[in-house]
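Colleague: Handing you this structure, nothing more for now.
The values are calculated or read from the model by the stated rules, or taken from the named source; none is laboratory data. Here the structure is a predicted model, which means the values were calculated and not measured. All Cβ positions, even for glycine, are placed from backbone atoms using ideal geometry, and neighbour counts span all protein chains on display.
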Amino acid sequence: LKDAISQILKYPKEKLNIDEGLGDFGFDSISLAEFADVLSERYGLEITPDIFFGYPTIERLSQYFLERYSDEMQAFYHESGKEVSLTTPPENRGQKIRKSRSEKLGTKQKQTGVEKEPIAIIGMSGRFPDARNVEELWFLLHEGREVISEAPYERVEWRESQNNTEDRKEVNKRFGVIPGISEFEPQFFEISPREAMNMDPRQRLLLQETWKALEDAGYGSKSFEDEKIGMFVGIEDGDYKLLVDEEAGITSNHNAILAARLSYFLNLDGPNMAINTACSSGLVAVHQACQSLRNGECDTAIVAGANLLITPDSYNAMNKAGMLSADGKCYAFDKRANGMVPAE
């Protein structure tokens, strides 16, 4: 492993600490993909770059190979006449570990007597790049249409950035753009027009789409009586406050308020959570909602995620970190993958 890393990164092998993270050596998404290809060819296995996120050090990565591919490693190093620096685990050690964990889990479930009831999805709504609702998204997927584009004219901050010659040399700013983020009827939600202008557009978007999701589920205003409805939102820090600056009220651009807006408006009785675990925020929100339902903390859960690129700041930061695809294409789970393309 040290040999492969040293060759790819031109990094002195003697300086590679087996307990340090791979990112500390200078790996990025492209070089990690190259590392996976080298290991795949060397061992005759199908290795993909995602493995390095679960096993981010040389020590953990080597243990993974020795446990997951015990037979293959023994055969490889025996045939090549090389010695393994780490003790080779007993045969099928990984299977025994998984079996032991499974048995412990089964015993625990028998002791508690808890059976997980199924959870039904009864309503849905959303807005996506070039799609104002879920139905339009299905059409985009069915047609296989690409919806990555430059920022629209009304995004003033992006337009000024595109006119910057230095930025243009750096990267052609293209991403998935949600239509109509300025559209909002404040009086419907009993919000003053002035406050609505200073509100994070993600708050406005969530109010509209969660309301539609409740309608889709057949919930009316009287449906909330004697029922605990929780709100779980996957959300990262927004950048709208950079535009409104001093005009922004503390409630207008606060993530905790973002998750509680609808509950306040409808007087819902249930937990409210704004969850930020970076890229996994939406999935963690789904998990937390399921836990809350099964623990009896709420009877119905609304789960949402909201992401808008109001200013080019986060885009520029991702570009400087080497995260973005040079050709503006996102080849997910593909050997051609050379970076990501952000979208709202």
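Colleague: For a quick check of your reading of the model, give me the residue pairs whose first member lies in the stretch 330-341 and is surrounded by 11 or more Cβ atoms within 10 Å (Cβ to Cβ), whose second is aromatic (F, W, Y), with beta-carbon atoms closer than 8 Å and at least 6 apart or on different chains.
Modeller: So the pair list comes out as A337/Y331; N338/Y331; V341/F175.
Colleague: If I filter the stretch 31-45 for residues that are at pLDDT 85 or above, closer than 28 Å to R336 by Cβ and within 21 Å of the chain's Cα centre (by Cα), do I get at least one hit?
Modeller: Of the stretch 31-45, the ones at pLDDT 85 or above are 31-45.
The next check asks that each one be closer than 28 Å to R336 by Cβ; those that pass are 31-45.
Subset that is within 21 Å of the chain's Cα centre (by Cα): 32-33.
Within the stretch 31-45 (the criterion being at pLDDT 85 or above, closer than 28 Å to R336 by Cβ and within 21 Å of the chain's Cα centre (by Cα)), the answer is yes, since at least one residue qualifies.
Colleague: Here's a follow-up. Could we say that V84 is more than 30 Å from G296 (Cα to Cα), modelled with pLDDT under 55 and outside any helix (DSSP H, G or I) here?
Modeller: Numbers: more than 30 Å from G296 (Cα to Cα): yes; modelled with pLDDT under 55: yes; outside any helix (DSSP H, G or I): yes.
Yes: the conditions hold for V84.
Colleague: Another one. Which number in (1) assigned to a helix (DSSP H, G or I); (2) exposed (fewer than 12 other Cβ atoms within 10 Å of the Cβ); (3) modelled with pLDDT under 80 marks the one condition that Y153 misses?
Modeller: Y153 satisfies every listed condition except (1).
Colleague: On to the next question. Please count how many residues of the stretch 188-214 are modelled with pLDDT under 90, charged (D, E, K, R) and over 22 Å from the mean Cα position of the chain (by Cα).
Modeller: 3
Colleague: Consider the stretch 1-27. How many of its residues are assigned to a loop (DSSP other than H, G, I, E, B) and surrounded by fewer than 14 Cβ atoms within 10 Å (Cβ to Cβ)?
Modeller: Let us first name the residues in the stretch 1-27 that are assigned to a loop (DSSP other than H, G, I, E, B), namely 1, 10-12, 16-20, 26-27.
Okay, now just the ones that are also surrounded by fewer than 14 Cβ atoms within 10 Å (Cβ to Cβ), so 10, 12, 17, 19, 26.
Counting residues in the stretch 1-27 that are assigned to a loop (DSSP other than H, G, I, E, B) and surrounded by fewer than 14 Cβ atoms within 10 Å (Cβ to Cβ) gives 5.
Colleague: Out of all the residues in the stretch 26-37, is one or more of a type in the set (A, V, I, L, M) and in contact (Cβ under 8 Å) with a residue 60 or more places away in the chain?
Modeller: Within the stretch 26-37, the first condition is being of a type in the set (A, V, I, L, M), and the residues that meet it are 30, 32-33, 36.
This time we only want the ones that are in contact (Cβ under 8 Å) with a residue 60 or more places away in the chain, so: 30, 33.
Among the residues of the stretch 26-37, at least one is of a type in the set (A, V, I, L, M) and in contact (Cβ under 8 Å) with a residue 60 or more places away in the chain, which makes the answer yes.
Colleague: Run down F76, F35 and say which single residue is within 25 Å of L324 (Cβ to Cβ), aromatic (F, W, Y) and buried (at least 16 other Cβ atoms within 10 Å of the Cβ). Outline the logic, then answer.
Modeller: Working: F76 fails: within 25 Å of L324 (Cβ to Cβ).
Of F76, F35, the one residue that is within 25 Å of L324 (Cβ to Cβ), aromatic (F, W, Y) and buried (at least 16 other Cβ atoms within 10 Å of the Cβ) is F35.
Okay, residues lined up against (1) at pLDDT below 60; (2) polar (S, T, N, Q); (3) part of a loop (DSSP other than H, G, I, E, B); (4) closer than 21 Å to N307 by Cβ:
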{"position": "H78", "(1), (2), (3), (4)": "no, no, no, no"}
{"position": "Q95", "(1), (2), (3), (4)": "yes, yes, no, no"}
{"position": "K99", "(1), (2), (3), (4)": "yes, no, no, no"}
{"position": "I122", "(1), (2), (3), (4)": "no, no, yes, no"}
{"position": "L140", "(1), (2), (3), (4)": "no, no, no, yes"}
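Colleague: Can you tell me which residue within the stretch 260-318, out of those that are touching a helix residue (DSSP H, G or I) at 6+ places or on another chain (Cβ under 9 Å), at pLDDT 90 or above and of a type in the set (S, T, N, Q), is surrounded by the fewest Cβ atoms within 10 Å (Cβ to Cβ)?
Modeller: Restricting to residues being touching a helix residue (DSSP H, G or I) at 6+ places or on another chain (Cβ under 9 Å), at pLDDT 90 or above and of a type in the set (S, T, N, Q), the top hit is T277.
Colleague: Out of (1) part of a strand (DSSP E or B); (2) more than 30 Å from M340 (Cα to Cα); (3) hydrophobic (A, V, I, L, M, F, W, C), the odd one out for W211 is which?
Modeller: Result: W211 passes all but (1).
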